[in-house]
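One structure is given below, encoded as structure tokens.
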Amino acid sequence: MLGDDAELTAAVLAAQDGDETAFRTVYRAVHPRLLGYIRTLVGDPDAEDVASEAWLQIARDLTRFEGDADRFRGWAARIARNRALDHIRMRGRRPAIGGDESELTGRPALSDTADEALESLATGSAMHLIAQLPQDQAEAVVLRVVVGLDAKSAAQTLGKRPGAVRTAAHRGLKRLAELLGAEHRSSGSLESVPHQRQPSTRTVTSAGVTQSRTRTQKDM
């Protein structure tokens, strides 16, 4: 995945001129995070199909796009969201998207603790926990932290105010930190249980010598 926005911007421009190699570079840079966002909308089984539809539209409309790497990510996210919502309507389902959260005055920046919690997760674990958030928080977190959009671009994607997106992302990240802490406490509690001494049984070897061994879980 490209870490330099200048490289992604250059690849997008080259792809607009018909450079297929550049388009593959753009795809490799953007697709993993875009797919993660789509999963928050339609679930894992349908995500790849919706992502394919989104990329078909991205390829078709690429020549009409104008902007840098950040604008491209936002543009691609809007296309992906529209395709996901179309998919949901075709299946007769409605996305579990919460109402618009009112903008809070004096809201601090995203919690450092929550950011660190999310960054410490493996991708699969992160998406599993994000799926437990309310839909508005899940989308805000994925767009801000996973896709990498700023609040303005994320707000344009969601049709909300930047302040509402910041609030949803802040609450979502805080909740993720709580979920991660709960997982760590749960795994830690299991490790803290002292091992019980297992009763010994006697076995007879082929030589007829009686030996003692500890009974394992497989023996039960």
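The values are calculated or read from the model by the stated rules, or taken from the named source; none is laboratory data. What you see is a predicted model; the values in this text were computed from it and never measured. Note that each Cβ is placed from the backbone with ideal geometry, even for glycine, and that neighbours are counted across all protein chains shown. Side chains included, ligands, DNA and RNA excluded: accessible areas come from the protein's heavy atoms. Shrake-Rupley method; radii C 1.70, N 1.55, O 1.52, S 1.80 Å.
Looking across region 45-81, the residues that are among the acidic types (Asp, Glu) and either touching a residue at least 40 places away in the same chain (Cβ under 8 Å) or open to solvent by 70 Å² or more (accessible area, probe 1.4 Å) (or both) come down to 46, 48, 49, 53, 66, 68, 70. Quick one: in region 160-185, which of the residues that are over 19 Å from the mean Cα position of the chain (by Cα) and at pLDDT 90 or above is most open to solvent (accessible area, probe 1.4 Å)? The qualifying residue most open to solvent (accessible area, probe 1.4 Å) is 161.
Is it the case, given these coordinates, that residue 93 is within 18 Å of residue 143 (Cα to Cα), open to solvent by 60 Å² or more (accessible area, probe 1.4 Å) and either outside any helix (DSSP H, G or I) or modelled with pLDDT of 90 or more (or both)? Give the steps one after another, and end with the answer.
Numbers: within 18 Å of residue 143 (Cα to Cα): no; open to solvent by 60 Å² or more (accessible area, probe 1.4 Å): yes; either outside any helix (DSSP H, G or I) or modelled with pLDDT of 90 or more (or both): yes.
So residue 93 does not fit the description; no.
Please go through region 123-149 and give me each residue that is modelled with pLDDT under 90, surrounded by fewer than 22 Cβ atoms within 10 Å (Cβ to Cβ) and in a loop (DSSP other than H, G, I, E, B), ordered by number. Within region 123-149, 131, 132, 148 qualify.
For residue 21, indicate whether it is assigned to a helix (DSSP H, G or I), touching an Asp or Glu at 6+ places or on another chain (Cβ under 9 Å) and among the polar types (S, T, N, Q). Give the steps one after another, and end with the answer.
Numbers: assigned to a helix (DSSP H, G or I): yes; touching an Asp or Glu at 6+ places or on another chain (Cβ under 9 Å): no; among the polar types (S, T, N, Q): yes.
Against the criterion (assigned to a helix (DSSP H, G or I), touching an Asp or Glu at 6+ places or on another chain (Cβ under 9 Å) and among the polar types (S, T, N, Q)), residue 21 does not qualify.
Only one of the numbered conditions (1) modelled with pLDDT of 80 or more; (2) open to solvent by 50 Å² or more (accessible area, probe 1.4 Å); (3) in a helix (DSSP H, G or I) is not met by residue 157, and that is (2). Within region 8-34, the residues that satisfy the criterion of being buried (at least 19 other Cβ atoms within 10 Å of the Cβ) and farther than 17 Å from residue 60 by Cβ are 8, 11, 25, 29, 33.
Here residue 86 fulfils each of the conditions (1) in a helix (DSSP H, G or I); (2) of a type outside the set (S, T, N, Q); (3) at pLDDT below 60 apart from (3). Going by what's in this entry, would residue 40 be described as modelled with pLDDT under 90, of a type outside the set (Phe, Trp, Tyr), assigned to a helix (DSSP H, G or I) and open to solvent by 20 Å² or more (accessible area, probe 1.4 Å)? Yes.
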